[in-house]
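What follows is one structure encoded as structure tokens, with my remarks underneath.
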Ligand code: SAM
Ligand code: DTB
Ligand code: SF4
């Protein structure tokens, strides 16, 4: 193996932005023990290995989205039983943010089912971001596509992170979404980065894509001018009524490999074990932490679907000797 990766625990290597897809496939192809050992060594060199960040998600505008992302219950194109809801009032968002903080969250992520916000919607977001930030929480929003001016406005409001996932490889993208392109996604990320906001970008696995697609997605993420500061890796949550409801199960070991490969490629980033944890055993989640995941979503709901109960997460952290990162 000729890849330049940290081969000894405790060794920091320079951050690479020149990954080829073959490099990444070579990582995926390592024996499971070797891959996890390598990833864990990188993880220890860059992070406190027994701390995991807890981010809380709140859907501030739900459903009715004009995009046709085949995985998403919030698209108007599918009948997934999601009750649409207009943008929440600032007081209600603040109440949820205070509760998240009391329960140990250090980052508060707000999601809106928009294709791209209007100027008015951006202006409505400004006091919300300022308010949540004033509680001492890191702020993150995911609002769809942004222009450069909109990104600057959010930066002025003090936004810490913008989430905008690549979701899959450039080649597989059109199989999943037809109402926008992979390039559109990259453009928004460019605007966000240029505005000085931290980038949160990752994707979904288990959508029927190949390993080459998973490698392609990670290659795109790691070869950006800067690694995204946060990299959420979601396991598809199959929602009845969406076109991906019946897609075949992805072997959990392939998911864990994806976490490990992301950790090796983007050593300094937060790698988030995101959606899909309700279907994962405690042991599988523990292997994800060993492989380098150091962030999760806490609270019993993601945006519209279930997430593990807080008590179960607390108990798992206790068993593993993990503490919540203070942020
Ligand atoms: N509309 C905005 C957008 O698409 O960027 C923000 C909200 S959207 C729900 C945020 C992300 O949630 C998507 O990019 C996707 O990665 C993730 N997501 C949505 N539905 C999912 C599902 N069923 N399983 C796993 N992840 C999902
Ligand atoms: C991310 O990568 N995953 C989160 C967050 N960013 C916005 C969303 C997961 C959504 C899962 C499906 C749902 O609950 O609607
Ligand atoms: Fe809309 Fe985002 Fe869902 Fe796609 S993922 S349908 S853009 S809310």
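In the range 118-153, the residue that is farthest from residue 84 (Cα to Cα) out of those that are under 19 Å from the mean Cα position of the chain (by Cα) and part of a loop (DSSP other than H, G, I, E, B) is 137. Cβ-Cβ distances below 7 Å connect no pair with a first residue in the range 297-325 that is closer than 17 Å to residue 60 by Cα and in a helix (DSSP H, G or I), a second residue that is at pLDDT 95 or above and more than 16 Å from ligand 3 (Cβ to nearest atom), and a separation of six or more residues or different chains. Applying the set (1) outside any helix (DSSP H, G or I); (2) crowded, with 23+ Cβ neighbours inside 10 Å to residue 261 leaves exactly one unmet item: (1).
Residue 214: free of Cβ contacts under 8 Å to residues at least 60 places away in the same chain and either part of a helix (DSSP H, G or I) or more than 16 Å from ligand 1 (Cβ to nearest atom) (or both), yes or no? The answer is no for residue 214.
Quick one: is residue 80 within 18 Å of residue 303 (Cβ to Cβ), in contact with a strand residue (DSSP E or B) (Cβ under 8 Å, 6 or more places away or on another chain) and either assigned to a helix (DSSP H, G or I) or within 15 Å of ligand 2 (Cβ to nearest atom) (or both)? Criteria not met by residue 80.
Of all the residues in the range 177-215, those that are more than 13 Å from residue 234 (Cβ to Cβ) and either surrounded by fewer than 23 Cβ atoms within 10 Å (Cβ to Cβ) or in contact with a strand residue (DSSP E or B) (Cβ under 7 Å, 6 or more places away or on another chain) (or both) number 27. Just wondering, is there one or more residues in the range 236-246 that are over 20 Å from residue 45 (Cβ atoms), more than 12 Å from ligand 2 (Cβ to nearest atom) and part of a helix (DSSP H, G or I)? Within the range 236-246, not a single residue is over 20 Å from residue 45 (Cβ atoms), more than 12 Å from ligand 2 (Cβ to nearest atom) and part of a helix (DSSP H, G or I). Might you check whether a residue that is closer than 20 Å to residue 207 by Cβ and within 15 Å of ligand 1 (Cβ to nearest atom) occurs anywhere in the range 119-140? For the range 119-140, residues closer than 20 Å to residue 207 by Cβ and within 15 Å of ligand 1 (Cβ to nearest atom): absent. Of all positions in the range 59-74, at least one carries a residue that is under 20 Å from the mean Cα position of the chain (by Cα) and farther than 30 Å from residue 246 by Cβ. Please verify whether the range 218-227 includes one or more residues that are at pLDDT 95 or above, within 27 Å of residue 82 (Cβ to Cβ) and crowded, with 24+ Cβ neighbours inside 10 Å. No, the conditions are met nowhere in the range 218-227. Counting only residues that are within 16 Å of ligand 2 (Cβ to nearest atom) and assigned to a helix (DSSP H, G or I), which one in the range 91-117 is modelled with the lowest pLDDT? Looking at residues that are within 16 Å of ligand 2 (Cβ to nearest atom) and assigned to a helix (DSSP H, G or I), I get 100.
The values are calculated or read from the model by the stated rules, or taken from the named source; none is laboratory data. Source: prediction; values computed, not measured. Ideal geometry is used to build each Cβ from the backbone, glycine not excepted, and the neighbour counts take in all protein chains shown.
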